[in-house]
Amino acid sequence: MAAVELILLQRVEKLGQMGDLVKVKPGYARNFLLPQKKAIRANKANLAKFEAERAQLEAQNIKRREEAERLAERVGGMSVVILRQAGESGSLYGSVSPRDISDACTAGGLTVNRGQVVLDGPIKTLGLSKVRVVLHPEVSLSVTVNVARSVEEAEKQARGEALNAPDDDEEEEIAAEDLLDPSEAPQPEV
């Protein structure tokens, strides 16, 4: 299939800046860029229309970016707690999805949708994870996701305490060699 030529209406990560003419695969254009109004088809009429509205589009983009930057400064260093069931080894029964993170952020006062949450890989273990939330194509912030079995466990993780650390009441494990008395060990015959 031939590539489709588009004009970007906003910055698209790993593709280009506003106003760039780009060639992409038809499915990417048809299913993502065009429906989300991130681009328009590159033909003479659209090129003329874009050039006439370019200053207005850039002004709107700058305004939205400044609002996103102010919001990022206000909620910078945000941390959310997500409670999940997990096995003894700390692996989750399932995983934490972008929807779970967006719901936790919304409950914490930052309204984001799941499309704004960028996960490098699925979160499948208990503990702290850094997740990127894209507020604007040019502005993103880092949110700490604390996945725990209970609120108490989440508080311990947030303080940096080890979850599997032995309590003072528990006995120390004794190595098998320490249990044997060297005088009772069988001696080789000479």
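Readers should treat all values here as calculations from the given coordinates under stated rules, not as data from a laboratory. In this text the structure is predicted, and so the values were computed from the model without any measurement. All Cβ positions, even for glycine, are placed from backbone atoms using ideal geometry, and neighbour counts span all protein chains on display.
General remarks:
- Centre-to-centre, using Cα atoms only, region 129-149 and region 85-118 are separated by 10 Å.
- Residue ranges 104-115, 55-66 sort as 104-115, 55-66 when ordered by packing (mean number of other C-beta atoms within 10 Å per residue, highest first).
- Cα gyration tensor category, rounded, prolate or oblate, for region 4-66 with a/c compared to 1.5: oblate
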